[in-house]
Structures are given as structure tokens and as C-alpha cells.
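A.B. asks: Please read through the structure below; I'll follow up with questions.
Since every read-out is calculated from the coordinates, none of them should be taken as a lab result. Note that the coordinates shown come from a computational prediction; the quantities given were computed from them, not determined experimentally. Here the Cβ positions follow ideal geometry from the backbone for every residue, glycine too, while neighbour counts run over all protein chains shown.
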Ligand SMILES: Nc1ncnc2c1ncn2[C@@H]1O[C@H](COP(=O)(O)OP(=O)(O)OP(=O)(O)O)[C@@H](O)[C@H]1O
């Protein structure tokens, strides 16, 4: 992609806090209209990187361009790290009204509150809000600015499943409209549900960046959970299929195989009239890559 059209272009970004190297020559390209996930173990540098994208801190070395402009001159960026900054003594509506006034924004506050699912508590003081409600209000505050790049540190923290679904819907809509979203998360399932691309950081370095699909390959042996209408027949057929190892032959079968052998097993099951009710990797490709890559890096 033409570099000028990238939402984020980072080259050789290094950031130290005293002796601690939080980011170590980080290169990163994020295309517009993407929801990009940032994952990594505690202390990997995720919050530091998101803070640089938001212009809350400045890198010691390297270049960082946001939406084609040097980060210091970037506009259209919003979000939060370490939880949203809110006024606890004000209501949700007044928090957003204060922000809109401060920034000179002409925004429909009720619409934004409804979008994040806070319409019913619009006139409640934020002091009494749960963590999940604060997260949603922080998202509303960012949406008020109609950002072209939205940066969110652990946005799903404290959200119940319905709240998470709601927030994911908002982020998918933003991306569909052309905005770029960068989110950090410790939840691999959330990242897989939300993001097309991911960057894995370990001890301040990028150990993987790219589409989720590139994390796994057909020639990788993985353990799969297999639930069928006839566990004993499935177990027998699995044991008879070349390249498939039965790891656990209970009601819920666990088989180890590469994709071609797994395909062969599926065909045999269908041929034998055994219905497949569930087939999923025991550890998701993202989680497997995360553990593998971050362990390699911390062992260096
Ligand atoms: N303001 C600061 N002063 C000193 N050290 C800092 C500061 N901010 C971050 N660090 C250090 O930089 C490193 C990266 O921290 P960062 O918060 O970016 O990691 P993270 O990936 O967000 O971690 P977590 O998943 O725990 O939130 C850590 O070693 C941290 O202790």
C-alpha cells in the first residue's frame, strides 16, 4: 500500500523509561478501515505504543505518521489509554456536553449515548457507573469527535457479554465507514472476533504483524475438539485415518492433525453418516501463536 494512505506508519519507534526499553525499534503499518488488534504479555509495551498514537507521549527514536501526517500534526485521532478520563461528579450527558464545548464540537450527544447503549443512564452521575459503563462512556467521548483513527486500550474491560457485543458492533460499523480502530486486549477470543489484523508485541518488539489468517498454516499440527452424533464411531474412524491421532477419546473427542488429514476425517465421518456438531481448535491459532512467539522472545 502507498505509505501516504496508511492510517499508521511507524518506523524504528523506540521509547525508554529510564533503563526500561518499553518499545524497541517498532515498525508498524496499519491500513485504513481496519480493526487492528494489539496483543502481548503484561509489560510488552502495548499501552506505551497506544499512548504514542494518541500523542500523549513522544518516541525517543523513530518516525510515526498518523493518517499521512507526523504524529505531532495529526488530527482526527481519539481514544484512551489506562481508562477514559471522565468527571465523576457529572452525569454521562454532562460529561459529553463538557467535552463537546471544550473541543467546539457540534455533536448529537443523545445519539452517541444511544449508540454505546447508555441512553437509559444518560442523567446518572458517572461516580456510580460500573467499569463497563465507564468504558462505554469513554468510547462515546471518542465517538463524539468522529475520529478517523480510534485508539482504545483494553476497551472490553469490565464489559458483560451483551456490552461487549454492543461495543464490537460500534467498532465494526466505524471500520465499515472507513475509520481505523486500534485496540489492545488480553482476550484472544475478543481479538479474533473483532480484528482482521493483529500485532503481537513481546518485550517491546514486534514479533508478528499481519492478517490473523497468516498465524496458522495447513501444515501445522493442531489439537481440535470434535463433537459428533456418534462419539465411539467417530473415535474409531479418527484412529483409522492416516495423519490423525486421537488425543482424548471421550464423549468430546480431541484429535491432533494437520488440515489435510482433518479434511479426510470429515469426509469419512460424513460418509459413515456421523453428524459433526462441533469442530474447533482447542487453542485458537492466535493463542497458539501468541504463546509460541512471546515465549520465544522472552527466552532470548
Ligand atoms: N510512565 C512510566 N514510567 C516508567 N516505566 C514505564 C512507564 N510506562 C510504562 N513503563 C514500563 O514500560 C514497559 C511497557 O509498559 P506498558 O504499560 O506499555 O505495557 P503493556 O503491554 O501495556 O502492559 P499491560 O498488559 O500490563 O498493560 C513496562 O516495563 C512498564 O513498566
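A.B. asks: As an exercise, use a Förster radius of 22 Å and the Cβ-Cβ distance of residue 254 and residue 31 to find the FRET efficiency, rounded to the nearest 0.05. Please list the in-between numbers first.
C.D. replies: Working: r = 37 Å, r/R0 = 1.69.
The computed FRET efficiency comes out at 0.05.
A.B. asks: Now a separate question. By how many degrees, 0 to 90 and rounded to 10, does the Cα axis of helix 161-176 deviate from the longest principal axis of the chain?
C.D. replies: The two axes meet at around 70 degrees.
A.B. asks: Now, a different point. Take the Cβ-Cβ distance between residue 236 and residue 282 as r, set R0 to 30 Å, and report the resulting FRET efficiency rounded to the nearest 0.05. Don't jump to the answer; show the numbers that get you there.
C.D. replies: Numbers: r = 21 Å, r/R0 = 0.70.
Between residue 236 and residue 282 the formula returns 0.90.
A.B. asks: Would you mind checking the radius of gyration and Dmax of the range 108-150 based on alpha-carbon positions, in Å?
C.D. replies: 10.2, 31
A.B. asks: May I ask for the angle, rounded to the nearest 10°, between helix 92-103 and the longest principal axis of the chain, with both axes built from Cα atoms and the value confined to 0 to 90°?
C.D. replies: Taking Cα atoms only, the helix is inclined about 60 degrees.
A.B. asks: Once Rh for the range 222-285 is found with the Kirkwood sum over Cα pairs, what is the Stokes-Einstein diffusion coefficient at 20 °C and 1.002 mPa s, in µm²/s?
C.D. replies: Details: Rh = 11.2 Å.
Rounded, D is 192 µm²/s.
A.B. asks: Between the range 122-143 and the range 237-261, what is the separation of their alpha carbon centroids in Å?
C.D. replies: What the calculation gives is 48 Å, centre to centre.
A.B. asks: What percentages, rounded to whole numbers, describe P(r) for the chain computed over all alpha carbon pairs with 10 Å bin width beginning at zero?
C.D. replies: 6, 24, 26, 21, 14, 7, 1
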